[in-house]
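The values are calculated or read from the model by the stated rules, or taken from the named source; none is laboratory data. The shown structure was predicted, so the numbers you read here are calculated from the model rather than taken from an experiment. A quick note on method: Cβ atoms are made from the backbone with ideal geometry, for glycine too, and the neighbour counts reach across all protein chains shown. Heads up: the accessible areas ignore ligands, DNA and RNA and are worked out on the full protein's heavy atoms, side chains in. Shrake-Rupley method; radii C 1.70, N 1.55, O 1.52, S 1.80 Å.
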Amino acid sequence: MTTATTAPAGRLTPSPRALAGGGLNALRRHPLLLVLALMVLVFQLTTGSFLDPGNLRGIATDAATLAIVAVPLALLVISGYLDLSVGSTLALGGLVAGWLAGQQHQSPAVAVLGALAVGAAVGAVNGILCCYFGLSAFIVTLGMLTAVRGLAQQLFPLPLSSFGSGFAWLGGSRIAGIDAPVFIAALVLVAGALFLALAPSGRHVFAIGVNREAAYLSGINIRRTPYALFVVTGVAAALAGAIKASVLDSVVAGTSGAGFELTVLTAVLLGGVALTGGSGSILGVLLGVLFLGCLQNGLTLLSVPTFWQQMAQGTALVAGAALAYFGPRLTR
Amino acid sequence: MTDPNLRIRGLSKSFGGVKALDGVDLTVPAGQVHALLGHNGAGKSTLIKCLGGAFPPDAGTIEVGGSSHTRLSPRESIAAGVAIIFQTLSVVDSLTVAENIFLGQEWTRYGTVHRRAQEEVAAGLLERVAATCSPRDRVGDLPMGQRQLVEIAKALSRSASVLVLDEPTAALSGAESAALAERVEDLRTQGLAIVYVTHLLAEVERLADAVTVLRDGRVAHHSTVAGHTRRELVDAIVGRPEPVAHGTAAGRTTGGAEEPGGADELGRTDEHGAADDVVEGITRAPRLTVHGFRGPGFGPVEISVAEGEIVGLYGLIGSGRTRILETLFGSRRASGGSVRVGERAVTAAKPSDALAAGIALVPADRRRQGLFPVLSAQDNALLPSIRPLARRGVRALAAERRVFDALSQAVGLRPARPRLSAAAFSGGNQQKLVLGRWINQARRVEVLLLDEPTQGVDVGARQEIYQVVSSLASQRGTAVLFASSDPEEVVALAQRCLIVSRGRITGELRGAELTEAALLSAVHEADDTGPATSAPATSAPATSAPATSAPTTSAPMTSEGAA
């Protein structure tokens, strides 16, 4: 279960043989890779259109907002914390961006920055309460989930829509031939992976998650890094909200991002991040996000009713946990 | 009622080829206090655990309450009338005194707990042990001594006929210890058979009717209390009439345990300068100077460690040695005094302050405070060095690897695999990783504090760790201060040893006087509760004169080993 902790260290120019071995290793560490490949194959055979470029693009765009939040959330979980408030922060971020762009006629940049600032504020409240006051992250962010949703509905009781063509750029334009949300998600994934591999704080994240007391006695600042991760998670959730608002050109305070926190957490956990902290990898998170995106899309193509889709998603999480628990015992 | 008598015959127990108990006999009639002595690892705990049903013995019989058993389950042990009061009490802090006494045997009426009846009976039991607390008090709010009495009352409620007390005064203040001694005497007159495990000879003299000393799993000494001297007991505990002196003392050893003499004996040892490294130590510049240092449950203490010197802190569990180290390192708050590293004054409010000043600590509880089990060996050894090695905020992977390789060679890490998770290493190699965190090339540590440096470490790795620490001191001039409860370790590693008792430094041993026997008699005799009669030469001069005469602080000392 050491996944990314050991992967990036050591040789900088791996030999081809090492690469092949690394591939096998990756498969052993991420059995989800195999499951994902099988699932894609089954969906392609049954629908015949799953691998069409248009459909893949749809999957990528759907998965993008999930990935943007899943990466910082995964880092937070690795360091032993949790953020359940991201669904509500996403809604508030989308509303603030939409309100600035649509009703205040601000430039798209100002609209997005406004959303990010609100997300940072929510993250800072979570971070201060959890990291500096030592309150339980589960309780604090569960409370914030409800409180921020209530705030969003109080501030924006009516649905917002028609944010203008400028703001639509965020969700609809293409950068280097890739949809903007997918491009942003790719940047977030790369940044997350580089952080874990190359930043000194990346190691600290693991150390704090594995053994907080030992990390403290090693002279590591055990508050600052998780606090920063709470802020970044809030920012990421608000950014995802702004992107969703731009794609849909409308936001409703009561329903936007409802249940999103659980979907993101599912993706993170499916990706092999341990809820107890201390282990996980960005590659795993990517796989978890893609798995959920493909599952949802394939089942929709097969016209499976929504409730069955939810059942499939939930079953996948429990099956994944069971696999992670029993798998090593069976192979040994 | 059953016959309150304990008779153990030929009890043996092995753990993976090591004989922890080898044919031990122990008989305690009703109304007797039997003291059980022996040094760590002598087999006392194993004996108690066999009696309590935690381990099944390999051979032998336990007769208790009139019936004979070859093995006991915990439930059978309680039913037979055995009650064991461990050092770490098993009371539930959040429940009341009465609830604790009746835990697992609640009195019910109409399907609910009959609180009033329980409290009435509890009050009677508390009176029997002369506890001052009320049945309705929350146990978590009580001082240590009262909690212990609650546990004894609980034992009485189960009509125990054999009471085992495992180092009962280790966590108690002087006054509480004296009160406990009276309770033990009461219980003896009430007809209980009492097994009293202790390290303190003064307690043996005050309380015991008979004594058994265990060494290496065997009965090394058995007598009624009048039939022995302190010297005989210490010799039985140590097991060597001719203790091996530290260093290469030329000629015969002076000031050894078997040589009773006056205080001038000590002066003579210094004059002799038997161990030359110590003489050098005196001339070397002090690296760590601790003056009037006070903290939770200890102090004031005076400690000075020279450049390249290795000094031991030896004392029983609860004596304060761990707290002194933890407070120096900033993980506990000091309440007074000064600490200097070289010429610089240091105030460490948290570990990172101490580290910035060049003070590092390797904690005793490796699992909880030292190791990151699922992280790689390299991460474990280099964690605090990653940021200093990084350039412009980016990790220097090649440099990290270089530092790790040099370190793993220096400490003899096996296997020397940087990516293997720390959990996969043996205890000794895990300790090398935690130690390596402070002694690698990327760190500059002026003062290294070690708490039980080889706890849970096999014999081979133990020697390697001693060598690493010794060469660190001699080659890099690091000042080393370590705490240990193992006299063998102190003799092997320390150049000088301070004796810690009840939060004070009560003596110092150096050179040829630093022997296992001297260490044992120093702590066994350094105790407030008993009169310090006929202190032999080996109990050493008090380095800080006021330490022994000043009254004990009222702060209750809790057992620190696990805390």
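Values for this structure:
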read-out	value
Failed criterion for B:Glu446 (all others in (1) without any contact (Cβ under 8 Å) to a residue 40 or more places away in the chain; (2) touching a Lys or Arg at 6+ places or on another chain (Cβ under 9 Å); (3) more than 9 Å from chain A (Cβ to nearest Cβ); (4) of a type in the set (D, E, K, R) hold)	(1)
Lone unmet requirement of (1) open to solvent by 30 Å² or more (accessible area, probe 1.4 Å); (2) over 23 Å from B:Val211 (Cα atoms); (3) not aliphatic (A, V, I, L, M) for B:Asn100	(1)
Test set (1) hydroxyl-bearing (Ser, Thr, Tyr); (2) over 17 Å from A:Thr141 (Cα atoms); (3) part of a helix (DSSP H, G or I); (4) more than 14 Å from every other protein chain (Cβ to nearest Cβ) - A:Thr255 fails condition number	(3)
Hits in the stretch B:45-86 (condition: polar (S, T, N, Q) and over 23 Å from B:Phe102 (Cα atoms))	B:Ser45, B:Thr46, B:Thr61, B:Ser67, B:Ser68, B:Thr70
Pick from the stretch A:268-285, criterion crowded, with 24+ Cβ neighbours inside 10 Å and away from chain B (no Cβ under 14 Å), ranking: farthest from A:Ala312 (Cα to Cα)	A:Ile282
Failed item in (1) of a type in the set (D, E, K, R); (2) open to solvent by 50 Å² or more (accessible area, probe 1.4 Å); (3) under 18 Å from B:Lys154 (Cα atoms), with B:Glu119 passing the rest	(2)
Filter result for A:Pro226 (under 30 Å from B:Arg368 (Cα atoms) and within 14 Å of another protein chain (Cβ to nearest Cβ))	no
Test set (1) among the basic types (Lys, Arg); (2) touching a strand residue (DSSP E or B) at 6+ places or on another chain (Cβ under 8 Å); (3) farther than 24 Å from B:Gly239 by Cβ - B:Arg75 fails condition number	(2)
Wholly enclosed helices (runs of 4 or more DSSP H) of the stretch A:80-171 bearing at least 1 residues surrounded by fewer than 20 Cβ atoms within 10 Å (Cβ to Cβ)	A:108-127, A:137-155
Number of the condition not met by B:Arg333 [criteria: (1) within 13 Å of chain A (Cβ to nearest Cβ); (2) surrounded by fewer than 16 Cβ atoms within 10 Å (Cβ to Cβ); (3) farther than 15 Å from B:Pro384 by Cβ]	(1)
Test: residue in the stretch B:337-350 that is open to solvent by 30 Å² or more (accessible area, probe 1.4 Å), within 11 Å of chain A (Cβ to nearest Cβ) and among the small types (Gly, Ala, Ser)	no
A:Gly234 vs. criteria surrounded by 24 or more Cβ atoms within 10 Å (Cβ to Cβ), in contact with a helix residue (DSSP H, G or I) (Cβ under 7 Å, 6 or more places away or on another chain), modelled with pLDDT of 95 or more and of a type outside the set (A, V, I, L, M, F, W, C)	yes
One residue from A:Leu323, A:Leu290, A:Leu295, A:Leu265 being part of a helix (DSSP H, G or I) and closer than 25 Å to A:Leu92 by Cα	A:Leu265
Condition broken by B:Ala250, with the remaining ones in (1) of a type in the set (A, V, I, L, M); (2) part of a loop (DSSP other than H, G, I, E, B); (3) at pLDDT 80 or above satisfied	(3)
Qualifying residue in the stretch B:392-402 (condition: open to solvent by less than 20 Å² (accessible area, probe 1.4 Å), more than 7 Å from chain A (Cβ to nearest Cβ) and farther than 24 Å from A:Ala191 by Cβ)	no
Boolean, B:Gly281 is in contact with an Asp or Glu (Cβ under 7 Å, 6 or more places away or on another chain), open to solvent by less than 50 Å² (accessible area, probe 1.4 Å) and at pLDDT below 90	yes
All positions within the stretch B:24-51 that are at pLDDT 90 or above and open to solvent by less than 20 Å² (accessible area, probe 1.4 Å)	B:Val24, B:Leu26, B:Val28, B:Val33, B:His34, B:Ala35, B:Leu36, B:Leu47, B:Ile48, B:Cys50, B:Leu51
B:Val211 modelled with pLDDT of 90 or more, open to solvent by less than 50 Å² (accessible area, probe 1.4 Å) and closer than 12 Å to B:Gly31 by Cα	no
Qualifying positions in the stretch A:172-218 - surrounded by fewer than 19 Cβ atoms within 10 Å (Cβ to Cβ), away from every other protein chain (no Cβ under 14 Å) and of a type in the set (D, E, K, R)	A:Arg174
Matching residues in the stretch B:355-376 - criterion: being at the interface with chain A (Cβ under 7 Å from one of its Cβ atoms) and of a type in the set (D, E, K, R)	B:Arg368
Residue within the stretch A:150-165 that is more than 23 Å from A:Ala258 (Cα to Cα) and touching a residue at least 40 places away in the same chain (Cβ under 8 Å) present	yes
Residue list for the stretch B:377-391, filter: more than 20 Å from B:Ser471 (Cβ to Cβ) and either hydrophobic (A, V, I, L, M, F, W, C) or within 7 Å of chain A (Cβ to nearest Cβ) (or both)	B:Ala377, B:Gln378, B:Asp379, B:Leu382, B:Leu383, B:Pro384, B:Ile386, B:Arg387, B:Leu389, B:Ala390
Any hit, the stretch B:472-483, residues being within 18 Å of the chain's Cα centre (by Cα) and modelled with pLDDT under 90	no
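Let's see how each residue does on (1) open to solvent by 60 Å² or more (accessible area, probe 1.4 Å); (2) part of a helix (DSSP H, G or I):
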position: B:Gln409; (1), (2): yes, yes
position: B:Arg414; (1), (2): yes, no
position: B:Leu433; (1), (2): no, yes
position: B:Val445; (1), (2): no, no
position: B:Leu450; (1), (2): no, no
position: B:Pro453; (1), (2): no, no
position: B:Gly460; (1), (2): no, yes
